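Engineer: Have a look at this one.
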Amino acid sequence: LLGPVLGFLRPEATFGEVYQPAISLAVGIILFEGGLQLRFDELRELQRGVGRLVIPGVLIAWALGFLAAWQIAGLSVPTALLFAGIMVVTGPTVIIPLLRQAKLTSRPATLLRWEGIVNDPIGALLAVIVFEVLHLGQPGPDSLAPFQIAGSLLIGTVLSGVWGYLLGLFVATSFRRGWVPEFLKTPVLLSLVLACFALPNAVQEEGGLLAVTVMGITIANSKLPSINQLRQFKENITVLFVSGVFVMLTANLTFDILFSLGWQDILFVTVMMFLVRPLTVQLSLLGTNTEPNERRLVSWIAPRGIVAVAVSGHFASKMVENCVEEGGNMVPLAFAMVYATDQALGIS
């Protein structure tokens, strides 16, 4: 209402160059808080199922999503590859509050929690890979071979994960040994999360999302005595960030964007929900110890959230800057996916 209807709020114009970094930092803190929810002791029975939802689940969802975006939404091959990479995410900002309220059994709840949090940085990195290959691999004086791009991205991804793990170990050790006073633990942790996000992002775009997720998982499994207090504080911050970021993102919408959706876009969203998602889950969990009812439930729950919208908007603006006007179509499609998947869960 504040943005497209009343015209009162235009965050991108108001914040200027600070707008995108602010969104990115907020998303990083949200993913860190999600990582704090993941404990390895939950995976005793479902380790194989979670692993299959990540690999090959991400690749299956990427391939099927690409076909849907290319053949149904009418995106070109490069744009469809980029957008499908972003759409492999299932937002923890929606799933975690949902799991708190819904009385699901522990097994499907564990599958959904781990998939939602782990796949978010993976989807962002897939988008980075596609964009860099398409942009830097074009003929020209600054062009690079695809294997050079892939190699540098792989090194950056590994370094991001290692940085997040080491920083998580440092936090756990310093807190456990009393190097940080109790009243300073929360601000110190928040500062280190921002550092964990910023440094990998300076080396590789979106690498900070992976780093903060790994850092959160490391701390969550370090058996800190004060972990519950830290987790509660981070949850409160996350609620504020989720609310604020969604307002900032949606306020940038215009009626032109909202009304640019056609019947093929609606069909694309429908196929993503009722064909791509169930096929991805059924194929990924084939041969695991998950029950048929559990697979059907996981197939139905695939909401998109802040990460999908923020990353789509980020790369859409980059594509428009590079004279690929079609990139702007990713923004309304991303919002349509968020709205449709979240509404489906509300109705169910």
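Engineer: Looking at ALA211, ALA202 in this structure, which one is under 20 Å from the mean Cα position of the chain (by Cα), within 20 Å of GLY168 (Cα to Cα) and in contact (Cβ under 8 Å) with a residue 12 or more places away in the chain?
Structural biologist: The match here is ALA211.
Engineer: Condition first: of a type in the set (Ser, Thr, Tyr), in a helix (DSSP H, G or I) and in contact with an Asp or Glu (Cβ under 9 Å, 6 or more places away or on another chain). Can you find one or more residues in region 176-197 that meet it?
Structural biologist: The answer is no; no qualifying residue exists.
Engineer: One residue is enough: does region 294-314 have a residue meeting the conditions under 30 Å from LEU9 (Cβ atoms) and either in contact with a His (Cβ under 7 Å, 6 or more places away or on another chain) or loosely packed, with under 13 Cβ neighbours inside 10 Å (or both)?
Structural biologist: no
Engineer: Another question about this same structure. Here are some conditions: (1) at pLDDT 85 or above; (2) farther than 26 Å from GLU42 by Cα. ILE149 meets all but one. Which one does it not meet?
Structural biologist: (1)
Engineer: Out of the residues in region 64-95 that are open to solvent by 50 Å² or more (accessible area, probe 1.4 Å) and assigned to a helix (DSSP H, G or I), state the one that is farthest from VAL311 (Cα to Cα).
Structural biologist: So the residue we want is GLN71.
Engineer: Within region 45-57, can one find any residue that is closer than 30 Å to THR110 by Cα, part of a helix (DSSP H, G or I) and without any contact (Cβ under 8 Å) to a residue 40 or more places away in the chain?
Structural biologist: Yes: region 45-57 contains one or more residues that are closer than 30 Å to THR110 by Cα, part of a helix (DSSP H, G or I) and without any contact (Cβ under 8 Å) to a residue 40 or more places away in the chain.
Engineer: While we're here: Being open to solvent by less than 10 Å² (accessible area, probe 1.4 Å) and within 13 Å of TYR339 (Cβ to Cβ) is the filter here; which residues of region 270-281 pass it?
Structural biologist: The one that is open to solvent by less than 10 Å² (accessible area, probe 1.4 Å) and within 13 Å of TYR339 (Cβ to Cβ): MET272.
Engineer: Please specify each residue of region 1-49 satisfying the condition of being within 18 Å of GLY207 (Cα to Cα) and loosely packed, with under 14 Cβ neighbours inside 10 Å.
Structural biologist: PRO21
Engineer: Pick out the one residue from VAL281, VAL276, VAL311 that is touching a residue at least 12 places away in the same chain (Cβ under 8 Å) and either under 23 Å from LYS103 (Cα atoms) or in contact with a strand residue (DSSP E or B) (Cβ under 8 Å, 6 or more places away or on another chain) (or both).
Structural biologist: From the options VAL281, VAL276, VAL311, the qualifying one is VAL281.
Engineer: Still on this structure: If a residue has to be among the aromatic types (Phe, Trp, Tyr) and closer than 15 Å to LEU283 by Cβ to count, how many in region 16-65 make the cut?
Structural biologist: Total meeting the criteria: 1.
Engineer: Being of a type in the set (A, V, I, L, M, F, W, C) and farther than 23 Å from GLU132 by Cβ is the filter here; which residues of region 31-59 pass it?
Structural biologist: PHE32, LEU36, LEU38, PHE40, LEU43, LEU46, VAL50, LEU53
Engineer: Here is a further query. Among the candidates ALA316, ALA302, ALA334, which residue alone is assigned to a loop (DSSP other than H, G, I, E, B) and closer than 30 Å to LEU134 by Cα?
Structural biologist: Every option except ALA302 fails the conditions.
Engineer: Can you list the helices (runs of 4 or more DSSP H) lying wholly within region 228-293 that have 3 or more residues being touching a Pro at 6+ places or on another chain (Cβ under 7 Å)?
Structural biologist: Once the helices (runs of 4 or more DSSP H) in region 228-293 are filtered for at least 3 residues that are touching a Pro at 6+ places or on another chain (Cβ under 7 Å), what remains is 255-258.
Engineer: Within region 178-195, how many residues turn out to be of a type in the set (Ser, Thr, Tyr) and surrounded by fewer than 16 Cβ atoms within 10 Å (Cβ to Cβ)?
Structural biologist: Number of matching residues: 1.
Engineer: Of everything in region 96-108, what is open to solvent by 20 Å² or more (accessible area, probe 1.4 Å) and under 20 Å from PHE246 (Cβ atoms)? Give them in sequence order.
Structural biologist: Of everything in region 96-108, those that are open to solvent by 20 Å² or more (accessible area, probe 1.4 Å) and under 20 Å from PHE246 (Cβ atoms) turn out to be PRO97, LEU98, LEU99, ARG100, GLN101.
Engineer: Return the residues of region 315-330 that are touching a helix residue (DSSP H, G or I) at 6+ places or on another chain (Cβ under 6 Å) and open to solvent by 50 Å² or more (accessible area, probe 1.4 Å); say none if nothing qualifies.
Structural biologist: VAL320
The values are calculated or read from the model by the stated rules, or taken from the named source; none is laboratory data. As the structure is a prediction and not an experimental result, all values here were calculated from the model. Please note: Cβ atoms are built from the backbone with ideal geometry, for glycine as well, and neighbour counts cover all protein chains shown. Heads up: the accessible areas ignore ligands, DNA and RNA and are worked out on the full protein's heavy atoms, side chains in. Shrake-Rupley method; radii C 1.70, N 1.55, O 1.52, S 1.80 Å.
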